[in-house]
1. Please work out which one of (1) more than 26 Å from GLU142 (Cα to Cα); (2) out of contact with any Phe, Trp or Tyr (no Cβ under 6 Å at 6 or more places or on another chain); (3) not hydrophobic (A, V, I, L, M, F, W, C) is the condition ARG85 fails and give its number.
2. Tell me which residues, restricted to the stretch 18-42, are more than 11 Å from the chain's Cα centre (by Cα), under 25 Å from ALA140 (Cβ atoms) and assigned to a loop (DSSP other than H, G, I, E, B).
3. Residues to consider are LEU59, LEU45; find the one that is over 18 Å from ARG111 (Cα atoms) and hydrophobic (A, V, I, L, M, F, W, C).
4. Can you confirm whether ALA57 is part of a helix (DSSP H, G or I), at pLDDT below 95 and within 19 Å of the chain's Cα centre (by Cα)?
5. Every residue in the stretch 3-17 that is assigned to a helix (DSSP H, G or I), polar (S, T, N, Q) and either over 18 Å from LEU136 (Cα atoms) or in contact with a helix residue (DSSP H, G or I) (Cβ under 9 Å, 6 or more places away or on another chain) (or both), please.
6. Looking at the stretch 33-40, is at least one residue without any contact (Cβ under 8 Å) to a residue 60 or more places away in the chain, touching a Phe, Trp or Tyr at 6+ places or on another chain (Cβ under 9 Å), at negative phi and of a type in the set (D, E, K, R)?
Amino acid sequence: MSSKPNLDQMPGHLIRRLQQQSSSVFQDKVKTAGLDVTSVQFAALDTLQAQPGLDQAGLAKRIAYDRATIGGVIKRLEAKGLIRRVPDKEDRRAYCLWLSDAGQDYLARLRPLVETAQDDILPNLDREEKIQFLKLAKKALEG
């Protein structure tokens, strides 16, 4: 008879706990700086800065977010004045997304906070362990 693994031996449980830790660190840093943005909104802003003019479906794919709910993220960013939606010239049903000037400024304030938060997400790992963790996490997500 095989023994049941403890929760701390289950990848799903540990991944969920890491997600909670990551979200908490992100929100603490952002809130302390007086900013109001989620990690998904940050990913959207960062992606649109790197690839301006993406449509909703393209943005959802790039940040690995559900296509059905990306619309809400976009609406909130647009309501905050951080992005612009421009009708696609080739597909009238689609919109191309661009950072507004305010979005560029907001991301410039936000990015350093997010970058410094990364060390706080895995505080008990040394540099080499963090590199190995990232390598394994990327490998686990491939395909």
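The values are calculated or read from the model by the stated rules, or taken from the named source; none is laboratory data. In this text, all values refer to a predicted model and were calculated from it rather than measured experimentally. All Cβ positions, glycine included, derive from the backbone under ideal geometry; neighbour counts span all protein chains shown.
1. It fails just one condition, (2).
2. Residues of the stretch 18-42 that are more than 11 Å from the chain's Cα centre (by Cα), as a first pass: 18-21, 24-25, 27-36.
Of the ones still in play, those that are also under 25 Å from ALA140 (Cβ atoms) are 18-21, 24-25, 27.
None; the set is empty.
3. LEU59
4. Details: part of a helix (DSSP H, G or I): yes; at pLDDT below 95: yes; within 19 Å of the chain's Cα centre (by Cα): yes.
Criteria met by ALA57.
5. Here is the first cut: in the stretch 3-17, the ones assigned to a helix (DSSP H, G or I) are 7-9, 11-17.
Narrowing further to those that are polar (S, T, N, Q): 9.
If the condition is that a residue be assigned to a helix (DSSP H, G or I), polar (S, T, N, Q) and either over 18 Å from LEU136 (Cα atoms) or in contact with a helix residue (DSSP H, G or I) (Cβ under 9 Å, 6 or more places away or on another chain) (or both), then no residue fits.
6. Within the stretch 33-40, none of the residues are without any contact (Cβ under 8 Å) to a residue 60 or more places away in the chain, touching a Phe, Trp or Tyr at 6+ places or on another chain (Cβ under 9 Å), at negative phi and of a type in the set (D, E, K, R).
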